[in-house]
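Below: the structure, in structure tokens.
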């Protein structure tokens, strides 16, 4: 890839900023409907629900071990971008509910909207060589080394998380939440391919 096709610092900043904002907006919609999600964010949401702790703080702490893996296997730039993205998401998920509330939020609508918005946000982050850390790092690493789709890796992990959630939440909550996770992961599966990109 020639230097002319590389993203500039400004292009990375706007792409990652948009990606983080979309993910934070999706999570705000999800949690407003009382739903959960998969991956590291899902684990953080569950812990936040059960303990009353801030999602942002829990999400940031859970991601710490994955930075080490990312540093050694996916590079310094990817790790730094992911750290910045996770920190920004932790802040935004705290701020967005102060400016947006819902009187009525159908769980099916919330699940699909979360999946679509967050899927697009993650694609923007991946497009600019970033992520929201956690299990997404593992999924990208598997895809880059084995060609097994990152979306399928995430679906497998989500299956484990949602099975465990059945013992903690009503089945209807888990089923609607699973719909959101499926929408999100299918968007990534069908749209995330590095070989289709003009710039990285």
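The table that follows gives values for the structure above.
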item	result
Calculated FRET efficiency for the pair residue 87/residue 191, C-beta based, R₀ 22 Å, to 0.05	0.30
Theoretical FRET efficiency, 1/(1+(r/R0)^6), r = Cβ-Cβ of residue 53 and residue 73, R0 41 Å, to 0.05	0.90
Gaussian network model of the chain, springs between alpha carbon atoms under 10 Å - residue of 161, 64, 29 with greatest fluctuation	64
Simple label model, 7 Å out from Cα along Cβ direction - residue 156 to residue 94, nm	3.6
Cβ-Cβ FRET estimate between residue 105 and residue 171, R0 fixed at 22 Å, reported to 0.05	0.70
q = 0.09, 0.14, 0.16, 0.18 Å⁻¹: log10 I(q)/I(0) that the Debye formula gives for the chain, counting C-alpha atoms only	-0.31, -0.76, -1.00, -1.28
Residue 11-residue 163 pseudo-label distance in nm [points 7 Å out on the Cα-to-Cβ vector]	4.3
Contour minus Cα-Cα distance for residue 145 and residue 32 (0.36 nm per residue)	37.0 nm
Ellipticity estimate at 222 nm from DSSP helix runs (n ≥ 4, -39,500 (n - 2.57)) divided over the chain, nearest 500	-25500 deg cm²/dmol
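Any read-out appearing in this document is the output of simple, stated calculations on the displayed coordinates, not a laboratory observation. Note that the structure is a prediction, hence the values are computed from the model and not measured. Cβ: placed from backbone, ideal geometry, glycine included. Neighbour counts: every protein chain shown.
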